[in-house]
Amino acid sequence: MDPSAQKDADGVPNNTQDLTVFVQNLLQQMQSRFQQMSDAIINRIDEMGSRIDDLEKSIGELMTQAGVDDAAGPPKSSDKS
């Protein structure tokens, strides 16, 4: 952007070409920030998934140590004939 370009009180350029460049730069900054936030969210989701997997494994190990059958399995039917 031309440093001698005229701007209003808010720092927004007055002529069309400078305004176009200003808006393009602003959109690029917004896209970059959005991408950073998206990456951070995806990383947190991945981390939470790993922690849930570890928790499920620990619970399974505790259930095995306690002698409890897998609760996720189908219920056992009793044959009373």
Checklist outcome for this item: Checked against (1) open to solvent by less than 70 Å² (accessible area, probe 1.4 Å); (2) modelled with pLDDT of 95 or more, Gly11 satisfies every condition except (2)
Next on the checklist: Just to be sure I understand the filter: pairs with C-beta atoms under 8 Å, separated by 6 or more residues or on different chains, first member in segment 24-49 and part of a helix (DSSP H, G or I), second member surrounded by 10 or more Cβ atoms within 10 Å (Cβ to Cβ). Which pairs pass?
Outcome noted: Asn25/Met1
Next on the checklist: Going residue by residue through segment 51-74, is there one that turns out to be surrounded by 10 or more Cβ atoms within 10 Å (Cβ to Cβ), touching a Pro at 6+ places or on another chain (Cβ under 9 Å) and modelled with pLDDT under 95?
Outcome noted: no
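The values are calculated or read from the model by the stated rules, or taken from the named source; none is laboratory data. Being a predicted model, the structure only gives us computed values, none of them experimental. Every residue, glycine as well, gets a Cβ built from its backbone with ideal geometry; the counts of neighbours run over all protein chains shown. The area values use the complete protein model at the heavy-atom level, side chains included, leaving out ligands, DNA and RNA. Shrake-Rupley method; radii C 1.70, N 1.55, O 1.52, S 1.80 Å.
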